[in-house]
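Presented below is the structure to which this report refers.
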Amino acid sequence: MLMTQVQSLYFELTSRTPSASKSIGYSLGILALWKMLVVIRMHANRPKNIPIKHGSFFLGHWLFNLEFIRDAPLMVSRAYKELNNASFAIPALTEYQVLACLESDARAVSEASEQMLSFHAAMTDRLKHKYTMFGFEHNEVDPHNAVPARTLKVLLRKHLPDIRPIIQKRIIQVFELEFDRFPETSNGWKDISAFGLARRITERVNTQICLGTELAESSKFMQAARRYNHDAIVAAEICRQLPSIFTPLIAPMVMNWSGAMREVGASIKEVVQARLYQQKFEAKDTLDCIQWIIQSSRTEAQRSLERLVQQTGALFFASSHQMPMAFVYAIYSLCIYPKYIDLLRQEAAEKFNPEKKDPLKPLVLLEAFLRESARLNPLDALSIQRKVLQPFQLPSGARIPAGNLVAVPQQAVLRNEHLYPEPESFNPFRYLPQDKNSQGDEPTIRYTDVTSSFPYWGSTRKPCPGRWYVSETMKLAILHLITNYDIRLEGDKVPRSFFWTTALVPRMDAKILLKKLQNGL
């Protein structure tokens, strides 16, 4: 059926003029030849001493690997179960993806050096950030990622108590704006795109915390930033499907189409210039990542205007995608398991005191709820994704040639019955003290904790440095939602996500129903 449609489209396009026929024919021929060469190279460079799982040997799957694009998470989960949690490999787009499933293999991947298994090389291949992030490159200017690490892990975390009221203000503001934008359906209920709501809230908070008040309050900038994020993802995904020699041509073409990246970059540059000028006359400590990036940049190369803009833009882009996805999956968890809405409201009424130094700390059920939502709704089927730069051997004996990818299959691990009893059940109480005499003031494990059985935040050696900020924002947003609105799904049968390679992407057309509570709680 698909082949018939492709052939019909080809004949329609090539029947227009002889020159069009030749051009399209040459292009398709070159692409097919490149794909065949990729398949040959993949076979020659395949991992050894490890099971290789794949679908059909049908030519279309090998040339275009539609199965990996469409169903990678299912492929990984099936193989994980079939092989009884042993490590294995699958053919990906232009290389093999090795999945380290055994604990010893996963630990070896987590602890390997950047020179052996590279996170940055994997992300460069995936995101093409030289072209999609204002020219940013991971290079000798900051070889150990010291600037973003100090910005997020030290300064942002240190200032969480100071920025908590700012985050809360933005959350309340966007909730009210989004709720007022939609007409009532019946009895005060409004149907709203769940992912649209989550994205609007988190993008406003992110802009405030990353770039400051001026840009967060600019509707023109927010519109450009939204389009820029879209353009960057489209450009990166198109380039992943094509020969790398086309990336310098295709990526700038996509990014320049709307001009959004230029507009966002110019706005960031203006703010950075103003901060640098301001520092000459007064030591004002503004609470945002631009200020903290400037403070964390120590060398002359790091403090150049161009590098500061690139670093700020890259951090802004990196923070723009995962949090709205995590937030919308938490919203869905509330709707699918509504008993927790009442339990969380009760906990908030009894334990939340905004006057305390850390008012969110006593909310242990909220902590556990977010961790369980993350366990059942990872944002990607894989975690700890690395590119093999030097031949690497896993403790289980698998030999992985350079050029392949290696990762931990987190979606499968997070549903492993040996690690999580009744893994398909949503049960936040699995993280709370089981001793009935315990006061329950502390969870046994927190949302931000990183373990080998919970690789949601990455490796235990180098986990996500911004996870405390994500946790703070998620808790404040969920708390505001449940204490000010009733919430439910618009339809139980509506698909809420789809697969794109290994990513589990929320659907924009999946809706929730919101109704304002009379006086809040």
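The values are calculated or read from the model by the stated rules, or taken from the named source; none is laboratory data. What you see is a predicted model, and the numbers here were worked out from it, not measured in a lab. Cβ: placed from backbone, ideal geometry, glycine included. Neighbour counts: every protein chain shown.
Counting the residues of the stretch 232-246 that are part of a helix (DSSP H, G or I), touching a residue at least 60 places away in the same chain (Cβ under 8 Å) and out of contact with any Lys or Arg (no Cβ under 6 Å at 6 or more places or on another chain) gives 5.
Residues in the stretch 289-312 that are surrounded by fewer than 17 Cβ atoms within 10 Å (Cβ to Cβ) and of a type outside the set (Gly, Ala, Ser) were compared, and the one that is nearest to Asp486 (Cα to Cα) is Gln295. Screening the candidates Ile166, Ile209, Ile171, Ile268 for the property of being touching a Leu at 6+ places or on another chain (Cβ under 8 Å), closer than 29 Å to Gln295 by Cα and surrounded by fewer than 18 Cβ atoms within 10 Å (Cβ to Cβ) yields one hit, Ile166. Among the residues of the stretch 108-125, is there at least one that is of a type outside the set (Ser, Thr, Tyr), assigned to a helix (DSSP H, G or I), in contact with a Ser or Thr (Cβ under 9 Å, 6 or more places away or on another chain) and modelled with pLDDT under 95? Scanning the stretch 108-125, I find at least one residue that is of a type outside the set (Ser, Thr, Tyr), assigned to a helix (DSSP H, G or I), in contact with a Ser or Thr (Cβ under 9 Å, 6 or more places away or on another chain) and modelled with pLDDT under 95, so the answer is yes. Among residues of the stretch 279-292 that are within 23 Å of Lys153 (Cβ to Cβ), those with a beta-carbon under 6 Å from a residue that is of a type in the set (Asp, Glu) and surrounded by fewer than 24 Cβ atoms within 10 Å (Cβ to Cβ) at least six positions away or on a different chain give the pairs Leu287/Asp162. If I filter the stretch 195-217 for residues that are more than 30 Å from Asn353 (Cα to Cα), assigned by TED's automatic domain parsing to the domain that holds Leu379 and not in a helix (DSSP H, G or I), do I get at least one hit? No, the stretch 195-217 contains no residue that is more than 30 Å from Asn353 (Cα to Cα), assigned by TED's automatic domain parsing to the domain that holds Leu379 and not in a helix (DSSP H, G or I). Taking the criterion of being at negative phi and polar (S, T, N, Q), the residues of the stretch 144-188 that qualify are Thr151, Gln168, Gln173, Thr185, Ser186.
Only residues that are hydroxyl-bearing (Ser, Thr, Tyr) and crowded, with 18+ Cβ neighbours inside 10 Å were counted across the stretch 459-484, and they come to 4.
If the requirement is being in a helix (DSSP H, G or I), among the hydrophobic types (A, V, I, L, M, F, W, C) and more than 30 Å from Glu424 (Cβ to Cβ), which of these qualifies: Ile293, Ile331? The unique qualifying residue is Ile293. Here the condition is being surrounded by 21 or more Cβ atoms within 10 Å (Cβ to Cβ) and at pLDDT 95 or above; of Leu343, Leu389, Leu315, it holds for Leu315 alone. Answer yes if at least one residue in the stretch 105-120 is in contact (Cβ under 8 Å) with a residue 60 or more places away in the chain, under 30 Å from Gly265 (Cβ atoms) and out of contact with any Pro (no Cβ under 7 Å at 6 or more places or on another chain), and no otherwise. The answer is yes, given that some residue of the stretch 105-120 is in contact (Cβ under 8 Å) with a residue 60 or more places away in the chain, under 30 Å from Gly265 (Cβ atoms) and out of contact with any Pro (no Cβ under 7 Å at 6 or more places or on another chain). Listed conditions (1) under 27 Å from Arg298 (Cα atoms); (2) out of contact with any Leu (no Cβ under 6 Å at 6 or more places or on another chain); (3) surrounded by 16 or more Cβ atoms within 10 Å (Cβ to Cβ) are all met by Ser118, apart from (2).
Evaluate the stretch 392-410: report whether one residue or more is out of contact with any Pro (no Cβ under 6 Å at 6 or more places or on another chain), outside any helix (DSSP H, G or I), charged (D, E, K, R) and more than 30 Å from Ile90 (Cβ to Cβ). Checked the stretch 392-410: no residue is out of contact with any Pro (no Cβ under 6 Å at 6 or more places or on another chain), outside any helix (DSSP H, G or I), charged (D, E, K, R) and more than 30 Å from Ile90 (Cβ to Cβ). On the stretch given as the stretch 345-364, residues that are assigned to a helix (DSSP H, G or I) and either polar (S, T, N, Q) or closer than 29 Å to Phe498 by Cα (or both) total 1.
For the subset of the stretch 447-458 comprising residues that are more than 18 Å from Glu472 (Cβ to Cβ) and within 15 Å of the chain's Cα centre (by Cα), which member is surrounded by the most Cβ atoms within 10 Å (Cβ to Cβ)?
Here the residue is Pro455.
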